[in-house]
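Peer 1: The following block contains the structure, expressed as structure tokens.
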Amino acid sequence: MSKPLAVGVVFGTRPEAIKLAPVIFELQKRSHDFHPVLIATSQHRQMLDQVMDVFRIRPDLDLDLMQPNQTLNGITCRVLQAADSALQSLSLNCLLIQGDTTTAFAAALAAFYRRIPVAHVEAGLRSRDIFNPYPEEVNRRLAGVVTQLHFAPTPLARENLLAEGVPQDQIVVTGNTVVDSVHTLRKMGALDCPLPEGVPHDGSKIILITSHRRESWGVELENVCGAIADLVRRFADVRIIYPVHMNPNVRNPVMSLLGGMERVHLIAPLDYFQFLSLLRRCYMVLTDSGGVQEEAPTFHKPVLVLRKVTERPEASMMGLARIVGTSRESIVEEASELLHDPRAYRSMSEGDNPYGDGLAAKRIGDALLRWQQGRTPVLESRKQFQGTQREQMEPCNLRCTSAMAQPEV
């Protein structure tokens, strides 16, 4: 009997752990085929620990690299050096990375330098703008250069990779693993957490806000806060719930501009159970998060994307999301339409999730095994995630075009 494949699985942020949890469970379940080795860089210490506790994930190696106010250069150097030392002590058949974080890019580079094959979960997302999102767009492109097996979440992501010259036999369309996580937690009944403390059950329409990306710091975040204030003043039946990121570049301006405002609840960051529970029961969500764009369609929640461009255009193509940017006027206009026009709301809250079907982790496990065995195709086309016909016909990214002439102060 052949020896199980030693698969290193590296993660450092909360989204990485969330999206890799189903893959880790799949590899652990198939112990005759795989020996997963879990490596945590702890790029985001506290938020990562929350998710590991929720999913009962325990890393085999915890590099514990988090530092206060860490710079991108600093965390990149620390991940590269620490990952190299870890990989030197391990005997891996491949290293599995996820997404577009500094952990993913630097760990992939460390594996390449040691000639360890890299497999990339959530490969092929592209905005075509190296500063939006920043630094994620560059992280995922650079990681893709040293990747040998690309797990594209959607057919559009596959097309992006093909356009860059990646051989077709190195790409598998799996669906996004975050949909696997949401389906699992929903079946467990784990998404029934109460509203956050201080938020009354008064029938208000809850607007959930997440805004913390680097490219939104400064004037753009001030615009978002201004739009939130305008919406609360305009609609008496609206409550805002904003889990505020701990980074002072986010927390300080948000607390200054919105602190103490009636029906605006600025709360501490939530664990994943609590956040999905809130996403499930909110009226709509305003977000600059890529992950929330993927999760919200499972709960049929309209999404207004607080970015100029998205690398996840499928929901917009299906009419489930709109890219509104960070113009105060545009945010208020688009949110107001959903609040007073039932037909507009229904058009954005109906339809299946275009990002996955809950079977991504199984496809990844099957493909990893066949790839390591040298079998072709890595996964038959009929077994890959098909997405939707419409999304396969549309361009590869969407940009915000409304009310974006100049940022507002």
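Peer 1: For residue 187, give me every one of the lysines with a C-alpha distance below 26 angstrom, ignoring sequence neighbours fewer than eight places off in its own chain.
Peer 2: Reachable lysines: 19, 29, 205, 301, 362, 383.
Peer 1: With both partners inside the chain, how many of the DSSP beta bridges are antiparallel, as a percent to the nearest 5?
Peer 2: Within the chain, antiparallel bridges account for around 5 percent of the total.
Peer 1: Mind listing the Cα extents of the range 184-262 along all three principal axes, in Å, largest one first?
Peer 2: Result for the range 184-262: principal-axis Cα extents of 41, 31, 17 Å.
Peer 1: Now, a different point. Can you tell me how much longer the chain between residue 246 and residue 70 gets when fully stretched, taken as 0.36 nm per residue apart minus their C-alpha distance, in nm with one decimal?
Peer 2: 62.0 nm
Peer 1: Counting other Cβ atoms within 10 Å of each Cβ, which trypsin sites (Lys or Arg not before Pro) in the range 158-202 have at most 14 and sit in a DSSP loop?
Peer 2: none
Peer 1: Please find the FRET efficiency linking residue 141 to residue 382, where r is the Cβ-Cβ separation and R0 is fixed at 35 Å, and quote it to the nearest 0.05.
Peer 2: For residue 141 and residue 382, the calculated efficiency is 0.70.
Peer 1: Enumerate the residues in the range 110-150 having an amide nitrogen under 17 Å from the point lying 7 Å beyond the Cα of residue 77 toward its Cβ.
Peer 2: Output list for this probe position: 110.
Peer 1: Per residue, how many Å² of accessible area does the chain show with a 1.4 Å probe?
Peer 2: Per-residue value: 42 Å².
Peer 1: Continuing with the same structure: Determine Rg/Rh for the chain; Rg is computed over alpha-carbon atoms and Rh is the Kirkwood hydrodynamic estimate from the same atoms.
Peer 2: Ratio of gyration radius to Kirkwood radius: 0.96.
Peer 1: Still on this structure: Excluding residues fewer than 8 places away in the same chain, name every one of the aspartates and glutamates whose C-alpha is closer than 19 Å to that of residue 3.
Peer 2: Output for residue 3: 26, 33, 366.
Peer 1: How much of the accessible area of the range 156-251, probe 1.4 Å, is carbon plus sulfur, in whole percent?
Peer 2: Using a 1.4 Å probe with all protein chains present, the range 156-251 comes out at 48 percent carbon and sulfur.
The values are calculated or read from the model by the stated rules, or taken from the named source; none is laboratory data. Quick caveat, the model's predicted, so the values are computed rather than measured. Using ideal geometry, Cβ is built from the backbone for each residue, glycine included, and neighbour counts are taken over all protein chains shown. For the accessible areas, the whole protein counts, side chains as well, though only heavy atoms, and no ligand, DNA or RNA atoms are used. Shrake-Rupley method; radii C 1.70, N 1.55, O 1.52, S 1.80 Å.
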